[in-house]
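Asks: Dropping the structure in here first, questions after.
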Amino acid sequence: MGSDLARSVEIVITLAQREFLGRYRGSLMGPATAALVPLLFLATYTFVFSTLIPIHIRPEAGRTEYAFFLFAGLLGWNLFSETTARAPKLYSHSAHFVRRALFPTLALPLAGSLSALYQALIWWAAFLLARLVSGSGLETSVLLAPLVLVAIAVLAAGFSTLIAGIGVFVGDLSELIGPLLALGFFLSPVLYAADRIAEISPWLIRLNPIASHLELLRATLLEPASISLAALVAAVAWSGAAALLGYVSHRRLRPLIADRV
Amino acid sequence: MSGSADNAIEVRGLAKTYPADRGLGDWLGALLGRPTGASVGRPALGPLDFDLPRGSSLALVGRNGSGKTTLLRLIAGILDPSRGSVRVHGQMAALLDLGAGVDPEFSGAENARLLGVLSGATRRQMGARIEEVREFSGLGEAFDDPVRSYSSGMVLRLAFSAAVTAAPQLILIDEVLAVGDAFFQQRCLRKIRQLQRDGCTIVLVTHDPAAAIAFCDRAIWLERGRVAAEGEPAKVMREYLGARFDDSASLESAVHVGSAAERAIENSRLVPADGIPHIDHRYGDSKARIEGVALRDELGVAVGEARPGQNLRVVVTIRCLEPIAHPLVGFSLRDRLGEIISATNSLHEGTLLPALEPGDRLSVEFSLVWPPFASGAFSISPAIANGSLDDHRMSDWIDNAIVFETIHPAAQYGRFRLPDVRVEMAVERANRDSTLA
């Protein structure tokens, strides 16, 4: 049993590294692209939501301030959405692994989330660099941000395991996941603070699994004063619940998945 | 019989039923924790009970659909049992789907690491053994190139090398390795033998009785998911081939084994050949048409491979459409380059065929011992003509009607192995008193 676990860990790490490196195979700048892509995204979103359709996070906020606000939100959201977006077809795309002897299928969603976490850590480093370069200054609490990212990765791993399992039986899920994630994006505090959504209904925030993570991440990166215990408890609870959900769904569906993939 | 540390595999009441197409309720029920209940569907295997002691080698034989691959997949943990259990002790390498999991964007070395980890080694171990994989695979420089530049044979060599270098204690093999060229195949077989000597347990699924007998010390013959016979490979294969011969409707390929062959020969009569596998080109005056051509072993089983020394039969069946006074039936043998290696016909071999009337059907069988040709593809072009050896008119000729492989067990340069070569030698040493060896 112990050696099974050790073997699974080996497989998860190997797959995650391969996936992470594989993404930049054949790219011009290799892993440097990993840092460039978020900056391009950021530039686009900043242009759209501070110039084209201005969103005011607070009356006096300038464009740079909004850019960092957005950066913090995207950092967390992309870690989550990138992993879950691929989940519905995860097993069928990796059928050659699923059909291999003694392959722990759970390794696939875990590796996917781990590789997205590597990516997020590069974003995080890019964030720190951008803060320094722009002279905005760094809070010590930025060092806590990776912990929040780990919590988001756990959340993403749990949801992707569930979605990947159902995706084997429900083909439409891969079509639905796009609109669902788009809805999630606009109902989460990425472009704007949580208050804006809570104005419509506080339940939209309370029932949003990733809202507390995003608030917490933004607080550690930009405003340590606003780190709240309530958000911390909620984030840990959501991550734990998602992990449990993923684990139980996997245990129950696994025997059926082997026959289907 | 309870579990023992001396067993590599323990199978208890193992059964597999492939589910009928599952509706919404089934997976949703499973997700919500409702027991799935008795599986309805296509029963594929079992129930089976057996132990495989550590260090032994088991051959699983049976026809297509007899459940042998299902059993192998259950042992491999790819499928979950519907009932019962299968326990495996020790690190396992499954050579089932060798190319699976190879990523074309990564180099051979990088892929070897992942494949090794998937076969149970740790990353650290694979790091240390990577040179071993390079050497064993014989890929040389290409080992560091992206796999997308590999041929399919090279991919298999890489995968096989990575799997066996992970030092497995149990190897599952589905059909004997058609891995790469003859040289590499020999190397694989030697490696498997070496692992066997080192105490590795082997499960081999095969159609090939010769491989079962050569490699294994036990055999299980599966028939419709149940054990039809079990025990010594030679004995099991005899029974298996005997049954196959009785039930000649399901002919695939087989190689003769001892007394099964003898029995078969006693029982044999000439069965007309039915069907022409392949037609490249056809010509003739159509006074008679070839209806079938077959390459068979001495059991009468169609073969797709020929081995040196094997007794083969070429059967040509023709249908007469207009009267033929002096029929001649024969065939020519071509190598992979299309060159005619040999040819013969009924008259040439001293057999006078009777005159034919429209509607008659004639089958001619040529029995021969396959010469020690080097491995490669060969083809048979059958023909029916009317006349004498020197002067005849072709009624029907089909180019390359049957293509088959010949497999020479020893690696070989050139076209064939020189027969009865003996080597003697004499050495005259330069530095010391000269001696004759």
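Values quoted throughout were computed directly from the atomic coordinates according to the rules given, and no laboratory measurement underlies them. What you see is a predicted model; the values in this text were computed from it and never measured. Note that each Cβ is placed from the backbone with ideal geometry, even for glycine, and that neighbours are counted across all protein chains shown.
Asks: Please compute the Kirkwood hydrodynamic radius of segment A:2-257 from all pairs of different C-alpha atoms, in Å with one decimal.
Replies: Here the Kirkwood hydrodynamic radius works out to 19.1 Å.
Asks: Once label points are set 7 Å from the Cα along Cα→Cβ at both B:VAL421 and B:GLU132, what is their separation, rounded to one decimal in nm?
Replies: Going by the 7 Å Cα→Cβ label model, 3.4 nm.
Asks: How big is the gap, in Å, between the Cα center of segment B:110-156 and the Cα center of segment A:202-261?
Replies: First find each Cα centre; the distance between them is then 39 Å.
Asks: In nm, what is the difference between 0.36 nm times the number of residues separating B:ARG336 and B:LYS191 and their Cα-Cα distance?
Replies: Here the answer is 49.2 nm.
Asks: Shifting gears a bit: Give me the one-decimal Kirkwood hydrodynamic radius in Å for segment A:1-116, with the sum taken over alpha-carbon pairs.
Replies: About 16.8 Å for segment A:1-116.
Asks: By what distance, in whole Å, do the Cα atoms of chain B stretch along each of the three principal axes, largest value first?
Replies: Here the Cα extents, ordered largest to smallest, are 81, 77, 45 Å.
Asks: Express the relative contact order of chain B as a whole percentage, based on alpha carbon pairs under 8 Å and six or more residues apart in sequence.
Replies: After rounding, I find 13 percent.
Asks: Stretched out fully, how many nm does the piece from A:ARG251 to A:LEU28 gain, at 0.36 nm a residue minus the Cα gap?
Replies: Working it through step by step, the gained length comes to 76.1 nm.
Asks: Let me ask something else. Under 10 Å, Cα contacts only: if you run a Gaussian network model on chain A, which one of A:TRP238, A:TRP203, A:TRP123 comes out with the highest mean-square fluctuation?
Replies: Taking springs between Cα atoms under 10 Å, the residue moving most is A:TRP203.
Asks: Note the full-extension length gain between A:THR140 and A:SER201 as 0.36 nm times their separation in residues minus their Cα-Cα distance, in nm to one decimal.
Replies: Contour length minus the Cα-Cα distance gives 18.6 nm.
Asks: With only alpha-carbon atoms counted, please give the Rg and Dmax of segment B:313-398, in Å.
Replies: Looking at segment B:313-398, its Cα Rg and Dmax stand at 13.7, 42 Å.
Asks: What number, rounded to the nearest 500 deg cm²/dmol, is the helix-based mean residue ellipticity at 222 nm of chain A, given -39500 (n - 2.57) per DSSP H run of at least four residues and division by all its residues?
Replies: -24000 deg cm²/dmol
Asks: On to the next question. Compute the acute angle (0 to 90°) between the alpha-carbon long axis of helix A:2-23 and the principal axis of greatest extent of the alpha-carbon atoms of chain A; round to the nearest 10°.
Replies: Between the helix axis and the principal axis of chain A, the angle is about 60 degrees.
Asks: How tilted is helix B:258-267 with respect to the longest principal axis of chain B? Cα atoms for both, answer in degrees (0 to 90, nearest 10).
Replies: 40 degrees
Asks: Output the relative contact order of chain A, whole-number percent, from Cα pairs under 8 angstrom with separation of 6+ residues.
Replies: Averaging sequence separation for qualifying contacts and normalising by length gives 25 percent for chain A.
Asks: Could you work out how far helix A:173-186 tilts from the main Cα principal axis of chain A, as a 0 to 90 degree angle to the nearest 10?
Replies: 20 degrees
Asks: Take the alpha-carbon positions of segment B:94-191, form their convex hull, and give its projected area averaged over all directions (one quarter of the hull surface) in nm².
Replies: If you wrap the Cα atoms of segment B:94-191 in a convex hull and average its projections, you get 5.4 nm².
Asks: Given R₀ = 45 Å, what would the calculated FRET efficiency be for A:ARG260 paired with A:VAL236, taking r from the Cβ atoms and rounding to 0.05?
Replies: 0.85
Asks: Pull up all non-local amide H partners of B:SER395: gap of 5 or more, or a different chain, and H-to-H distance under 5 Å with H placed in the peptide plane.
Replies: B:ASP285, B:ILE384, B:ALA385, B:ASN386
Asks: Based on the Cβ-Cβ distance of A:HIS56 and A:LEU147, what FRET efficiency does E = 1/(1 + (r/R0)^6) give at R0 = 41 Å, to the nearest 0.05?
Replies: 0.85
Asks: What distance in nm separates the two pseudo spin-label positions at B:ASP390 and B:GLU239, each 7 Å out from Cα along the beta-carbon direction?
Replies: 6.1 nm
Asks: Summing Lys, Arg as +1 and Asp, Glu as -1, what charge do residues with Cβ under 14 Å from the Cβ of B:PHE416 carry, B:PHE416 excluded?
Replies: +1
Asks: Right, another one. Where does chain B land at 222 nm, in deg cm²/dmol rounded to the nearest 500, when only DSSP H runs of n ≥ 4 count, each adding -39500 (n - 2.57), divided by all residues?
Replies: Computed mean residue ellipticity for chain B: -7500 deg cm²/dmol.
Asks: List the lysines whose alpha-carbon lies under 16 Å from that of B:LYS68, not counting same-chain residues fewer than 8 positions away?
Replies: B:LYS16
Asks: Taking B:LYS287 as the anchor, which aspartates and glutamates have their alpha carbon closer than 12 Å to its alpha carbon, excluding any fewer than eight residues away along the same chain?
Replies: Hits, sequence-local ones excluded: B:GLU322, B:GLU357, B:ASP360, B:ASP396.
Asks: For B:SER57, enumerate residues with amide H under 5 Å from its amide H, sequence gap 5+ or separate chain, H modeled in the peptide plane.
Replies: So B:SER57 has HN proximity to B:ILE202, B:ASP217, B:ARG218.
Asks: Using the reciprocal of the averaged 1/r over all distinct C-alpha pairs, how large is the Kirkwood radius of the protein assembly as shown in Å?
Replies: Result for the protein assembly as shown stands at 30.5 Å.
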